[in-house]
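In what follows, a single structure is set out as structure tokens and then discussed.
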Amino acid sequence: MSAEQKIDVPLPMTTDYFLEWSLNVRPHWELHHGYPVQMSAESVAHGEVERSIADACDAALPFDGPCVATMTKHGVNTVENDVRIPDVHIDCAPDDDVRRSTANEPVVVFEISVTSKDYDMGDKRKMYFENPHVSHYVVVIPMERRVYHWKRGIAEPAVFLEGGTLELTPSPGISLSVADFWVRLDRFRSRFS
């Protein structure tokens, strides 16, 4: 039996309508080609790695610089009437509009892939690069401790296993240790060993 949530909204939705509507609904939703899609709950591995990536980005970004890392579920506009919500992203043109629900200049997008690897590495990657600000797309696979980094204009990703240095240049101009992505997951697992 399906537990599908019914929503009473005009379909397909425009991006503007979706952004206003989505401010008042939980859990999180994405807009896929004009149709709202509810996000599923996250695994422990997903959540711990997501937080570790955000922490690593925060530590690497200059405090007084233009870029900020966030995992607050801001949307990223991709194609028309399509808003995706990355797990972590770096916005290099944030503003003080606290009602804003999309990134202004998302230069780096991270997706933690526990159950959606093929989609994250295929169609979703292509959609994110439709946004002219996205320069880096990073897929992190916690259970394999593998990281794939696509840079705009380069077809093949750099691949990291366990460690290595992820270079996010020219913008935001930081380096991240891939080993730092696993810190919170390792700490969580150590409680049970």
Original post:
For segment 150-193, how many residues are surrounded by 14 or more Cβ atoms within 10 Å (Cβ to Cβ), out of contact with any Ser or Thr (no Cβ under 8 Å at 6 or more places or on another chain) and part of a strand (DSSP E or B)?
Top reply: 4
**OP:** Scan segment 126-149 for residues that are in a strand (DSSP E or B) and of a type in the set (D, E, K, R) and jot them down.
**Re:** R146
Subject >> Failed criterion for V134 (all others in (1) among the hydrophobic types (A, V, I, L, M, F, W, C); (2) open to solvent by 20 Å² or more (accessible area, probe 1.4 Å); (3) touching a residue at least 40 places away in the same chain (Cβ under 8 Å); (4) in contact with a strand residue (DSSP E or B) (Cβ under 9 Å, 6 or more places away or on another chain) hold) >> reply: (2)
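The values are calculated or read from the model by the stated rules, or taken from the named source; none is laboratory data. Because the structure is a prediction, the values reported are computed rather than measured. Counting neighbours? That spans all protein chains shown, and the Cβs are built from the backbone with ideal geometry, glycine included. Areas reflect the complete protein model, heavy atoms only, side chains present, ligands, DNA and RNA absent. Shrake-Rupley method; radii C 1.70, N 1.55, O 1.52, S 1.80 Å.
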